[in-house]
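The structure appears right after this line, and notes come after that.
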């Protein structure tokens, strides 16, 4: 071997080895970056759908708890509801079922598992499965069951909420929900072309599975083919790691599955995607690396620089953008890579995914606002309910106390409303409640709330209206007695009511706080004095002070 040959070999090694190492490192960084981007994207998609399902669960929990804690529902669970009100409660549950396509049945049961109200015909006692369902709740106040199968072989899910009173269980609120709602979540999922969505219950039964375009009722591979998957799946401690991912092989292909649990359930969301389609490009770069060893060092470094600039940096940009979105929850961020190759398509898909999530977040925020509004409103009159008007009253008392200004609180009760309902029917009674709601809002220019069947609380804060309170109450009595006309007829009926009012001057009691409970009690006391004095009138109390005007 002469020196020239040795030099050629040394030069060859000096060119080939650095370039080979550079190419391998570049390919490794590219592959790792792509895998991280895939994992981040799967995490974002899974989190979006888990959040949607959790929000859905919480909406049902809030509504079921609200229905269960209504006075009429508590009375039904205690067995103190007459037949007409039981029918009214059944109809209310039936209307809820009719308004929601995903809802099959809505029922209330007492602590002895007697069905006290239901949206459909029912037996006296709930079926035997209710006992195991309640045991599955453990110490939770709300729970979604695994898949249940009825006598006709139909699959369904049951949501159950515990209704307590003074620390003891009064009964339960139950909803039977069909699986179509979760099929809709799968169909709306923004998945990659070969990605698969699975929603499994605690017994590994499929609630919903498939791609965005096609649903599945079972796994497409046998247990033997999924041996590596099952091994990795069983090795996961879902209590310590409720979210994460694992990799495995099926049929010689590499797959990655991201999993996450769902609050209030024993369910798991699984997103599965094949890694081969995305990682196969690294083999192209291995071949390119060996091929380019025969070229000069400058060309090798230029190619390495090109690979780094064209592949590693865009992947890092995608991964960095997804990380920033996850940490800041700012879904206005977008991947800035604009190319027409695979990386460009990946960036476009990621941006489309972020667009979808941003739209969904806006939609869910709007839904939460609507739900909050419904939770604070009386279902019939659309004014504030008892809980919200009491909260608003305390806020108003604190505000006027700090400003040393006047305000007034009215408590109104319709005279002989039950007799009125029995004589003219509940539909006319509902018209009366709506009429009074409109009249009180218009004449008092205050905040109106319904605190009972025929009882209203009004908070007046405008100084002129507070000072002319007696005149305002006379106008309300006059118009209530002469302006109500039954809808669809020319029949005009007088509405008589007792109004108790308390006018509070914080300038006189400077620095003294007043609770909403006490203010309501004063107005209620004044109302009962009117009622005991012959009904149909009003009485105004001054705080501090005494009675100033009555009728």
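Filter the range 432-488 for residues that are in contact with a strand residue (DSSP E or B) (Cβ under 6 Å, 6 or more places away or on another chain) and more than 24 Å from residue 378 (Cα to Cα) and give the result.
If the condition is that a residue be in contact with a strand residue (DSSP E or B) (Cβ under 6 Å, 6 or more places away or on another chain) and more than 24 Å from residue 378 (Cα to Cα), then 466, 469, 470 are the ones that fit.
Name the residue, out of 375, 365, that is farther than 17 Å from residue 50 by Cα, assigned to a helix (DSSP H, G or I) and modelled with pLDDT under 80.
Only one candidate qualifies: 375.
Return yes when residue 530 is farther than 21 Å from residue 462 by Cα and either assigned to a strand (DSSP E or B) or over 41 Å from the mean Cα position of the chain (by Cα) (or both) and no when it is not. Lay out the reasoning, then the answer.
Numbers: farther than 21 Å from residue 462 by Cα: yes; either assigned to a strand (DSSP E or B) or over 41 Å from the mean Cα position of the chain (by Cα) (or both): yes.
Yes; evaluated as a whole, the condition is true for this residue.
Across the range 267-278, which residue is nearest to residue 349 (Cα to Cα) among those that are in contact (Cβ under 8 Å) with a residue 60 or more places away in the chain and outside any strand (DSSP E or B)? Steps first, answer last, please.
Of the residues in the range 267-278, the ones in contact (Cβ under 8 Å) with a residue 60 or more places away in the chain are 267-275, 277-278.
From what is left, the residues that are outside any strand (DSSP E or B) are 267, 275, 277-278.
Values: 267: 28, 275: 16, 277: 15, 278: 13 Å.
Filtering the range 267-278 for residues that are in contact (Cβ under 8 Å) with a residue 60 or more places away in the chain and outside any strand (DSSP E or B), the one nearest to residue 349 (Cα to Cα) comes out as 278.
Can residue 162 be described as over 25 Å from residue 129 (Cα atoms) and touching a helix residue (DSSP H, G or I) at 6+ places or on another chain (Cβ under 9 Å)?
Considered against the rule, which asks whether it is over 25 Å from residue 129 (Cα atoms) and touching a helix residue (DSSP H, G or I) at 6+ places or on another chain (Cβ under 9 Å), residue 162 comes out as no.
Could you say whether any residue in the range 128-140 is in contact with a helix residue (DSSP H, G or I) (Cβ under 9 Å, 6 or more places away or on another chain) and either exposed (fewer than 12 other Cβ atoms within 10 Å of the Cβ) or not assigned by TED's automatic domain parsing to the domain that holds residue 421 (or both)? Before the answer, list the steps.
Initial filter on the range 128-140 (in contact with a helix residue (DSSP H, G or I) (Cβ under 9 Å, 6 or more places away or on another chain)): none.
So far as the range 128-140 goes, no, none of its residues is in contact with a helix residue (DSSP H, G or I) (Cβ under 9 Å, 6 or more places away or on another chain) and either exposed (fewer than 12 other Cβ atoms within 10 Å of the Cβ) or not assigned by TED's automatic domain parsing to the domain that holds residue 421 (or both).
Taking residue 211, is it surrounded by fewer than 19 Cβ atoms within 10 Å (Cβ to Cβ), assigned by TED's automatic domain parsing to the domain that holds residue 72 and within 26 Å of the chain's Cα centre (by Cα)? Give the derivation first.
Details: surrounded by fewer than 19 Cβ atoms within 10 Å (Cβ to Cβ): yes; assigned by TED's automatic domain parsing to the domain that holds residue 72: no; within 26 Å of the chain's Cα centre (by Cα): yes.
Spelling it out, it is not the case that residue 211 is surrounded by fewer than 19 Cβ atoms within 10 Å (Cβ to Cβ), assigned by TED's automatic domain parsing to the domain that holds residue 72 and within 26 Å of the chain's Cα centre (by Cα).
Please work out which residue is farthest from the chain's Cα centre (by Cα), limiting yourself to the range 495-512 and to residues that are surrounded by 12 or more Cβ atoms within 10 Å (Cβ to Cβ) and part of a loop (DSSP other than H, G, I, E, B). Give the steps one after another, and end with the answer.
First pass over the range 495-512, keeping only residues surrounded by 12 or more Cβ atoms within 10 Å (Cβ to Cβ): 495-506, 508-509.
Subset that is part of a loop (DSSP other than H, G, I, E, B): 495-496, 506, 508-509.
Details: 495: 41, 496: 42, 506: 41, 508: 46, 509: 44 Å.
The extreme case among them is 508.
Does the range 146-159 hold any residues that are touching a residue at least 40 places away in the same chain (Cβ under 8 Å) and either under 21 Å from residue 116 (Cβ atoms) or assigned to a strand (DSSP E or B) (or both), and which are they? Steps first, answer last, please.
Filtering the range 146-159 down to residues touching a residue at least 40 places away in the same chain (Cβ under 8 Å) leaves 146-147, 156-157, 159.
Hits for the range 146-159 are 156, 157, 159.
Being loosely packed, with under 15 Cβ neighbours inside 10 Å and either assigned to a loop (DSSP other than H, G, I, E, B) or in contact with a helix residue (DSSP H, G or I) (Cβ under 9 Å, 6 or more places away or on another chain) (or both): is that true of residue 449 here?
Values: loosely packed, with under 15 Cβ neighbours inside 10 Å: no; either assigned to a loop (DSSP other than H, G, I, E, B) or in contact with a helix residue (DSSP H, G or I) (Cβ under 9 Å, 6 or more places away or on another chain) (or both): yes.
In short, no.
Using the structure shown, decide if residue 106 is assigned by TED's automatic domain parsing to the domain that holds residue 62 and surrounded by 14 or more Cβ atoms within 10 Å (Cβ to Cβ).
Criteria met by residue 106.
Which of the residues spanning the range 164-184 are touching a strand residue (DSSP E or B) at 6+ places or on another chain (Cβ under 7 Å) and farther than 28 Å from residue 77 by Cβ? Show your work before the answer.
Our first condition is that a residue be touching a strand residue (DSSP E or B) at 6+ places or on another chain (Cβ under 7 Å); within the range 164-184, this holds for 164, 169-179, 182-183.
If the condition is that a residue be touching a strand residue (DSSP E or B) at 6+ places or on another chain (Cβ under 7 Å) and farther than 28 Å from residue 77 by Cβ, then 179, 182, 183 are the ones that fit.
Of the residues 443, 478, only one is without any contact (Cβ under 8 Å) to a residue 60 or more places away in the chain and either surrounded by 17 or more Cβ atoms within 10 Å (Cβ to Cβ) or touching a helix residue (DSSP H, G or I) at 6+ places or on another chain (Cβ under 9 Å) (or both); which? Break it down stepwise before answering.
Details: 478 fails: either surrounded by 17 or more Cβ atoms within 10 Å (Cβ to Cβ) or touching a helix residue (DSSP H, G or I) at 6+ places or on another chain (Cβ under 9 Å) (or both).
Only one candidate qualifies: 443.
Is at least one residue of the range 105-121 out of contact with any helix residue (DSSP H, G or I) (no Cβ under 9 Å at 6 or more places or on another chain) and part of a loop (DSSP other than H, G, I, E, B)?
Among the residues of the range 105-121, at least one is out of contact with any helix residue (DSSP H, G or I) (no Cβ under 9 Å at 6 or more places or on another chain) and part of a loop (DSSP other than H, G, I, E, B), which makes the answer yes.
Within the range 354-368, does at least one residue satisfy the condition of being in contact with a helix residue (DSSP H, G or I) (Cβ under 7 Å, 6 or more places away or on another chain) and surrounded by fewer than 15 Cβ atoms within 10 Å (Cβ to Cβ)?
no
Go over the candidates 415, 422, 378 one by one and state the one that is under 24 Å from residue 536 (Cα atoms) and surrounded by 13 or more Cβ atoms within 10 Å (Cβ to Cβ). Break it down stepwise before answering.
Details: 422 fails: surrounded by 13 or more Cβ atoms within 10 Å (Cβ to Cβ); 378 fails: under 24 Å from residue 536 (Cα atoms).
Only one candidate passes the filter, namely 415.
For the range 466-475, state whether one or more residues are farther than 18 Å from residue 439 by Cβ and in contact (Cβ under 8 Å) with a residue 12 or more places away in the chain. Reasoning before the result, please.
Initial filter on the range 466-475 (farther than 18 Å from residue 439 by Cβ): 466-467.
Adding the requirement that they be in contact (Cβ under 8 Å) with a residue 12 or more places away in the chain leaves 466-467.
So far as the range 466-475 goes, yes, one or more of its residues are farther than 18 Å from residue 439 by Cβ and in contact (Cβ under 8 Å) with a residue 12 or more places away in the chain.
Tell me yes or no: at least one residue of the range 381-394 is at pLDDT below 90 and more than 30 Å from residue 510 (Cα to Cα).
no
In the range 378-405, which residues are in a helix (DSSP H, G or I) and farther than 30 Å from residue 436 by Cα? Lay out the reasoning, then the answer.
Start the filter on the range 378-405 by keeping residues that are in a helix (DSSP H, G or I), which leaves 386-403.
Of everything in the range 378-405, those that are in a helix (DSSP H, G or I) and farther than 30 Å from residue 436 by Cα turn out to be 402, 403.
Of all the residues that make up the range 72-104, how many are over 17 Å from residue 426 (Cα atoms), in a helix (DSSP H, G or I) and touching a residue at least 40 places away in the same chain (Cβ under 8 Å)?
Matching residues across the range 72-104 total 4.
For the condition surrounded by 14 or more Cβ atoms within 10 Å (Cβ to Cβ) and out of contact with any strand residue (DSSP E or B) (no Cβ under 8 Å at 6 or more places or on another chain), what is the one hit in 406, 395, 387?
So the residue among 406, 395, 387 that is surrounded by 14 or more Cβ atoms within 10 Å (Cβ to Cβ) and out of contact with any strand residue (DSSP E or B) (no Cβ under 8 Å at 6 or more places or on another chain) is 387.
Take the range 527-544 and flag every residue that is closer than 18 Å to residue 390 by Cβ and either touching a residue at least 60 places away in the same chain (Cβ under 8 Å) or outside the structural domain of residue 416 (by TED's automatic domain parsing) (or both). Don't jump to the end; show me each part of the working.
First pass over the range 527-544, keeping only residues closer than 18 Å to residue 390 by Cβ: 527, 543.
If the condition is that a residue be closer than 18 Å to residue 390 by Cβ and either touching a residue at least 60 places away in the same chain (Cβ under 8 Å) or outside the structural domain of residue 416 (by TED's automatic domain parsing) (or both), then 527 is the only one that fits.
Identify the single condition in (1) touching a strand residue (DSSP E or B) at 6+ places or on another chain (Cβ under 9 Å); (2) under 29 Å from residue 366 (Cα atoms) that residue 99 does not satisfy, given that it satisfies every other one.
Unmet for residue 99, out of (1) touching a strand residue (DSSP E or B) at 6+ places or on another chain (Cβ under 9 Å); (2) under 29 Å from residue 366 (Cα atoms): (1).
The values are calculated or read from the model by the stated rules, or taken from the named source; none is laboratory data. Just so it is clear, the structure is predicted and the values come from calculations on it, not from any experiment. Note that we place each Cβ from the backbone using ideal geometry, even for glycine, and neighbour counts take in every protein chain shown.
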